[in-house]
1. Can you report the number of residues in segment 417-440 which are in contact with a Leu (Cβ under 7 Å, 6 or more places away or on another chain) and either in a loop (DSSP other than H, G, I, E, B) or surrounded by fewer than 17 Cβ atoms within 10 Å (Cβ to Cβ) (or both)?
2. Return only the number of the condition from (1) assigned to a helix (DSSP H, G or I); (2) open to solvent by less than 10 Å² (accessible area, probe 1.4 Å); (3) under 20 Å from residue 59 (Cβ atoms) that residue 306 does not satisfy.
3. Surrounded by 15 or more Cβ atoms within 10 Å (Cβ to Cβ) and either touching a helix residue (DSSP H, G or I) at 6+ places or on another chain (Cβ under 6 Å) or over 28 Å from residue 313 (Cβ atoms) (or both): does that describe residue 83?
4. Is one or more of the residues making up segment 277-290 open to solvent by 50 Å² or more (accessible area, probe 1.4 Å), β-branched (Val, Ile, Thr) and in contact (Cβ under 8 Å) with a residue 12 or more places away in the chain?
5. Please go through segment 139-169 and pick out each residue that is of a type in the set (S, T, N, Q) and not in a strand (DSSP E or B).
6. Which one of these is under 30 Å from residue 373 (Cα atoms) and of a type in the set (Asp, Glu): 84, 37?
7. Report yes if some residue within segment 394-416 is among the β-branched types (Val, Ile, Thr), out of contact with any helix residue (DSSP H, G or I) (no Cβ under 6 Å at 6 or more places or on another chain) and buried (at least 16 other Cβ atoms within 10 Å of the Cβ); otherwise report no.
8. Is it true that some residue in segment 180-196 is among the aromatic types (Phe, Trp, Tyr), open to solvent by less than 100 Å² (accessible area, probe 1.4 Å) and outside any loop (DSSP other than H, G, I, E, B)?
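The values are calculated or read from the model by the stated rules, or taken from the named source; none is laboratory data. Please read these numbers as outputs of a predicted model, since none were measured by experiment. As a convention, Cβ positions derive from the backbone with ideal geometry for all residues, glycine included, and neighbour counts pool all protein chains shown. We work out accessible area using only protein heavy atoms, side chains counted, and drop any ligands, DNA or RNA first. Shrake-Rupley method; radii C 1.70, N 1.55, O 1.52, S 1.80 Å.
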Amino acid sequence: MADEKHAEEKQAAEKQAGDVQSKAAYTPKIAWSVYKDQETRDKVRSFCDDYIAFLSACKTERETVAKSLEVLQGQGYSNDPASDRYVTTLNGKCLFAFKKGKAPLKNGVRLIIAHTDCPRLDFRPHPFVEQAGYAQAKTHYYGGLLKYQWLARPLALHGVIVKETGETVPICLGEKKGEPVFTIEDLLPHLAKKLPTQTVREAFEAEKLNVILGAKPLDTDEETKVSEPVKTAILDLLLETCNVREEDFISAEIQVVPAGEASYVGLDSSLVGSYGQDDRICVYTALRALTDMNPELDNENCVLILSDREEIGSEGSTGASSRFFEYCLADVVQAHEPETALRHVILASYALSADVTAGLDPDFQDAHEKNNCGRLGYGVCFEKYTGSGGKYGASEAHAEFFAMLRGLMNRRGIPWQATELGKVDCGGGGTVALFLAAWGMNVIDCGPALLCMHSPFELSSVVDIYAAWQAYMAFYEG
């Protein structure tokens, strides 16, 4: 009897210990369990329908900023910094928007910054060549991409050509139904026996990322000799259809991007697949957060920044390291609260670096540290630091700020997760957070997780898209 009683007491103690542990333990909630009623799931679907349309229309930074400006102007934003809703842009590639709240500016602003640029291929200043009877355009890749992912797939041309007169010719070729697309050819497997013995860098050369433009030579009589008949025919076609000449491409910005629309992925339509979700998923959700926030919760002064060139270090006049955004905020402070020093406003501000992170890849799980990786379908990700190796090249959010945001998400019932980019020794990456931290702001990275990041077809979860919108809106509303 004593042994039985002891066993029962031990079992009861173990059960009690298990209960205590379960109450203390933390497990991120899958977002589908949060958005489980049909009404909410219908809202998720409707929101993502609009997001897919945005992605399909915005494949360059210029197109993204133009669309965002159109949305904000439709919401009453003007180019007057003294107004309660102010928006301005620079070179059509970055944007600053301000929404006045009831609180004084000396209390700081709630700032969200996302970037408009994505990895791609750019036309070179002298792009046109003819090789083996094909007219091709030579490119220079932009940002961190895997070159082989851009071969043997439909491509489109987006951008602008600016003539010496100042006239701007917009270019968008390969997107309309029935319109011809472009491609970069790849070597057939029958003749690619050397590839398995080469490194990826050796096997896929940047100098061979040449876009096929055509293969029909210029119609001439036998007596007329043309040294490059296919290239000449393509240039004549461009003159006829777009009224541009070869020299005009020296002052052009032509981007080679995947052709086609964004779409749902999977039999259950639980994912969104598209080019450019890094970082236009954050651009769209932050833009919608600014325009959709509850007008009764307008105490905070809100700022939205869309920056350029993040994928190559954020340098340049339209990148996050530019003084442009500081100048814009200075204009706002001068117009609304001239007695307050700009530095005081900045130091009192809170910011989200709205950028994506890597989701746990089902086929490459060994690149992730599973206790700390992002998972698609588990809500928006907060990343305390990025960088590489020993946290090089990144800021790190302070514990007090992270705790404040954690409490905000939990009170609002918004699914979220704390993440890192991947295993420490596997690589790494940076965001624009360090540029805001240099101002003395409290800042943390916050955005959805993606699969296939930097590829021509990135994947996101529909519930994470919705959670990001809710998280950004909660941050603005305070």
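1. Residues meeting the conditions: 1.
2. (1)
3. On the way: surrounded by 15 or more Cβ atoms within 10 Å (Cβ to Cβ): yes; either touching a helix residue (DSSP H, G or I) at 6+ places or on another chain (Cβ under 6 Å) or over 28 Å from residue 313 (Cβ atoms) (or both): yes.
The answer is yes for residue 83.
4. As a first pass, look at segment 277-290 and keep what is open to solvent by 50 Å² or more (accessible area, probe 1.4 Å): 288.
Add one more test, that the residue is β-branched (Val, Ile, Thr), and what stays is none.
Within segment 277-290 (the criterion being open to solvent by 50 Å² or more (accessible area, probe 1.4 Å), β-branched (Val, Ile, Thr) and in contact (Cβ under 8 Å) with a residue 12 or more places away in the chain), the answer is no, since none of the residues qualifies.
5. If we filter segment 139-169 for residues that are of a type in the set (S, T, N, Q), which is where we start, we get 139, 149, 165, 168.
If the condition is that a residue be of a type in the set (S, T, N, Q) and not in a strand (DSSP E or B), then 149, 165 are the ones that fit.
6. On the way: 84 fails: under 30 Å from residue 373 (Cα atoms).
None of the other options fit; the residue is 37.
7. Going through segment 394-416, the residues among the β-branched types (Val, Ile, Thr) turn out to be 414.
Those left that are additionally out of contact with any helix residue (DSSP H, G or I) (no Cβ under 6 Å at 6 or more places or on another chain): none.
No, that holds for no residue.
8. Among the residues of segment 180-196, at least one is among the aromatic types (Phe, Trp, Tyr), open to solvent by less than 100 Å² (accessible area, probe 1.4 Å) and outside any loop (DSSP other than H, G, I, E, B), which makes the answer yes.
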